[in-house]
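**Q** Take a look at this one; I'll ask things after.
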Amino acid sequence: MKRTLIVTPTYNEKDNLPRFIESVRAAAPEADILVVDDNSPDGTGDIADAIAAKDSHVRVLHRAGKLGLGTAYIQAFLKGMAEGYDQFFEMDADLSHDVKYLPSFFQALDEGADIVIGSRNIPGGQVEGWGVGRHVISKGGSLYSRTILGLGVKDLTSGYKAFSRRALEAIQLGSVHSNGYSFQIEMTFRAIRRGMKVTEVPIVFVDRTLGASKMSRKIFLEAVGVVWRLRYEALTGKI
């Protein structure tokens, strides 16, 4: 069986993390979970340590402060690659990424996909619990990015994703500069530029019920600029 690492970055997720880990362990008992905690003030890191002490499939990577989503994933992926994992998952700890879709991800990887995206924008996919503003930001941001980058992927901003080891090697993680909302866009764009196969599977994304969203105007504006940088680098042969 391919070695699987499921990565979840955390910042103030003490109420959600235990339930998240329990559900993932039940759905994918052979997979390992790596919690990347950015020194959460609410004690999320301590809770993660307590769970890891009782479960060898759970480990914790502590970081000094709130360093961002992108750097959390890159650090975790590099660690996992050095440890010999074959496939890597991104999942939010806020329970918005339902584990019932994991079999679809595994199947797509087994069928040759290099990246699997949990898509809210293809038939069967949708979002529950968002206001009009969040819908506009998500769908508009994905459409904007697809248009400028010339991509056919319907959900470029989804954070429920899986990567083959081959995809992460092709992306060259050290060259990824995005850290927020745009991280997902950059990872997929670089992979496609390297000839990787991307598959979208439908998911229903349910907004968090506990804790606060990490989305901000600053993160959104970063994505607007990053898309043009990626386009420029592609045109000049840097990607």
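Read the figures in this text as sums done on the coordinates, not as results from a lab. Worth saying up front: this structure is predicted, and the values here are computed from it rather than measured. Cβ: placed from backbone, ideal geometry, glycine included. Neighbour counts: every protein chain shown.
**Q** Using Cα pairs under 8 angstrom and six or more residues apart, how large is the relative contact order of the chain, in percent?
**A** 23 percent
**Q** Taking the beta-carbon count within 10 Å as an exposure proxy, list Lys2, Lys14 from fewest neighbours to most.
**A** Lys2, Lys14
**Q** How compact is the chain by the rule of thumb for globular proteins, expressed as Cα Rg over 2.2 N^0.38 Å?
**A** Ratio of Cα Rg to 2.2 N^0.38 Å: 0.95.
**Q** Go through the stretch 57-68 residue by residue and turn each phi into a ³J(HN,Hα) via Karplus (6.51, -1.76, 1.60, θ = phi - 60°); whole Hz please, and just put x for glycine and proline.
**A** Result, rounded to whole Hz: 7, 10, 10, 10, 10, 8, 10, 6, x, 6, 9, x.
**Q** List the residues, sorted by chain then number, that are 5 or more residues from Val204 or on another chain and whose placed amide H is less than 5 Å from its amide H.
**A** Here the answer is Gln126, since their amide H atoms fall under 5 Å of that of Val204.
**Q** Also: Calculate, for Thr147 and Thr236, the FRET efficiency according to 1/(1 + (r/R0)^6) with r their C-beta to C-beta distance and R0 22 Å; round to the nearest 0.05.
**A** Using R0 = 22 Å, I get an efficiency of 0.65.
**Q** What is the sum of charges, Lys and Arg at +1 and Asp and Glu at -1, for the other residues whose Cβ falls under 15 Å from the Cβ of Thr147?
**A** Residues near Thr147 contribute +3 overall.
**Q** Sort Lys54, Lys154 so that the residue with the fewest other Cβ atoms within 10 Å of its own Cβ comes first and the one with the most comes last.
**A** By the 10 Å Cβ count, ascending, the order reads Lys54, Lys154.
**Q** Using Cβ contacts closer than 10 Å as the measure, can you line up Val227, Val206 from fewest to most?
**A** Lowest to highest Cβ neighbour count: Val206, Val227.
**Q** Give me the three principal axis extents of the stretch 60-127 from the C-alpha atoms, as integers in angstrom, largest value leading.
**A** Here the Cα extents, ordered largest to smallest, are 41, 28, 17 Å.
**Q** Pull up all non-local amide H partners of Asn12: gap of 5 or more, or a different chain, and H-to-H distance under 5 Å with H placed in the peptide plane.
**A** Ser40, Asp42, Thr44
**Q** Can I ask one more? Among DSSP beta bridges lying fully in the stretch 4-235, give the percent that are antiparallel, nearest 5.
**A** 25 percent
**Q** Considering the convex hull of the alpha carbon atoms of the stretch 120-176, report its projected area averaged over all viewing directions, in nm², one decimal.
**A** Value for the stretch 120-176: 5.2 nm².
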